[in-house]
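The values are calculated or read from the model by the stated rules, or taken from the named source; none is laboratory data. Please read these numbers as outputs of a predicted model, since none were measured by experiment. We place every Cβ from the backbone using ideal geometry, glycine too, and count neighbours over all the protein chains shown. With ligands, DNA and RNA removed, areas are computed over all heavy atoms of the protein, side chains included. Shrake-Rupley method; radii C 1.70, N 1.55, O 1.52, S 1.80 Å.
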Amino acid sequence: MKPLISCLIGALATGVAAVALAADDAAMRKLATNSGCLTCHQIEPGGKGPDGLPPIGPAWKDVSARYQGVSGASDTLTRTVMTGSNPYASHWKGKVSGLAMPPNEVAITEQNARALVGWILSLEPKK
Ligand code: HEC
C-alpha cells in the first residue's frame, strides 16, 4: 500500500507543478504583450519580421538556448532589457533585422523585467 500512496502523491505533485507552469506561461505572455516586447520579439524561432525580413529581435527560445549555463545571464539580460542594448556591439548581428534594443524602462518595471527574463531563460529545456 505504501508505494501506491507515494506514487499517488508523486503524480499529484507533478500535476500541480504542470498547472503552476501553465499559469506562469499565460501570465508571462500577457506581461510580454502588455509591455510591448512582442512587437519586436517572437517566442518560437524561425518566424519572419515585417516585409519578410528576419524578425526585429531574436526569438526568445533562441535567447534561452544561447545563454544556457552562462553565469549571471539573468542579471545581465535584465539590465539590457531595462537600459537597452549597445548598437556597436550587437549580440544578434546578422540574425535579426534590428540593430539594437531601445531601453524598455518606460514600459516595464525592473521586477517584471527580471521575471520575464527568468521565464525566457527557462523556455529551452536544460541540457
Ligand atoms: C523596438 C524593438 C524591441 C522591443 C520593443 C524589445 N526588444 Fe528585446 N531586442 C531587440 C533587438 C533588436 C535585440 C537584439 C540586440 C542585439 O543584437 O544585441 C533584442 C534583444 C533582446 C534580448 C537578448 C539580449 C542579448 O544581449 O542577447 C532579450 C532578453 C530581450 N531582447 C528581451 C526583451 C524584453 C523582455 C522586452 C520587453 C520588455 C523587449 N526585449 C522589447 C528589440 C526589441
If you check every pair at least six apart or on different chains, which have Cβ atoms under 8 Å apart with a residue in segment 101-127 that is free of Cβ contacts under 8 Å to residues at least 24 places away in the same chain first and a residue that is near the ligand (Cβ under 10 Å from one of its atoms) and open to solvent by less than 70 Å² (accessible area, probe 1.4 Å) second? P102/G84; P103/M82; P103/G84; E105/M82
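Please specify each residue of segment 80-92 satisfying the condition of being more than 6 Å from the ligand (Cβ to nearest atom) and either in contact with a Cys (Cβ under 9 Å, 6 or more places away or on another chain) or not hydrophobic (A, V, I, L, M, F, W, C) (or both). Can you show your working first?
To start, the set of residues in segment 80-92 that are more than 6 Å from the ligand (Cβ to nearest atom) comprises 82-84, 86-89.
Selection gives T83, G84, N86, P87, Y88.
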Which one of these does D75 not meet: (1) over 14 Å from the mean Cα position of the chain (by Cα); (2) loosely packed, with under 14 Cβ neighbours inside 10 Å? (1)
Neighbours by Cβ (under 7 Å, 6+ apart or cross-chain): first from segment 83-94, more than 18 Å from Y67 (Cβ to Cβ); second at pLDDT below 95 and more than 6 Å from the ligand (Cβ to nearest atom): P87/L99
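Please determine, by comparing only the residues of segment 94-106 that are more than 6 Å from the ligand (Cβ to nearest atom) and not acidic (D, E), which one is surrounded by the most Cβ atoms within 10 Å (Cβ to Cβ). Give the steps one after another, and end with the answer.
Going through segment 94-106, the residues more than 6 Å from the ligand (Cβ to nearest atom) turn out to be 94-95, 97, 99, 103, 105-106.
Okay, now just the ones that are also not acidic (D, E), so 94-95, 97, 99, 103, 106.
On the way: G94: 7, K95: 14, S97: 16, L99: 13, P103: 12, V106: 9.
Ranking the candidates gives S97 first.
Regarding S85, is this residue surrounded by fewer than 18 Cβ atoms within 10 Å (Cβ to Cβ), closer than 21 Å to P45 by Cα and not hydrophobic (A, V, I, L, M, F, W, C)? Spell out the reasoning first.
On the way: surrounded by fewer than 18 Cβ atoms within 10 Å (Cβ to Cβ): no; closer than 21 Å to P45 by Cα: yes; not hydrophobic (A, V, I, L, M, F, W, C): yes.
Criteria not met by S85.
I'd like to check something: does segment 2-16 contain any residue that is within 16 Å of the chain's Cα centre (by Cα) and either open to solvent by less than 70 Å² (accessible area, probe 1.4 Å) or at pLDDT 95 or above (or both)? Break it down stepwise before answering.
Going through segment 2-16, the residues within 16 Å of the chain's Cα centre (by Cα) turn out to be none.
The answer is no, given that none of the residues of segment 2-16 is within 16 Å of the chain's Cα centre (by Cα) and either open to solvent by less than 70 Å² (accessible area, probe 1.4 Å) or at pLDDT 95 or above (or both).
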Looking for something more than 9 Å from the ligand (Cβ to nearest atom), open to solvent by 80 Å² or more (accessible area, probe 1.4 Å) and either among the β-branched types (V, I, T) or over 15 Å from the mean Cα position of the chain (by Cα) (or both) - is there at least one such residue anywhere in segment 111-126? no
Every listed condition ((1) near the ligand (Cβ under 9 Å from one of its atoms); (2) on the phi > 0 side of the Ramachandran plot) holds for T76 save (2)
Within segment 53-66, does at least one residue satisfy the condition of being in contact with a Leu (Cβ under 8 Å, 6 or more places away or on another chain), part of a loop (DSSP other than H, G, I, E, B), more than 8 Å from the ligand (Cβ to nearest atom) and open to solvent by less than 40 Å² (accessible area, probe 1.4 Å)? no
Regarding E44, is this residue within 14 Å of the chain's Cα centre (by Cα), surrounded by fewer than 15 Cβ atoms within 10 Å (Cβ to Cβ), within 18 Å of A32 (Cβ to Cβ) and more than 10 Å from the ligand (Cβ to nearest atom)? yes
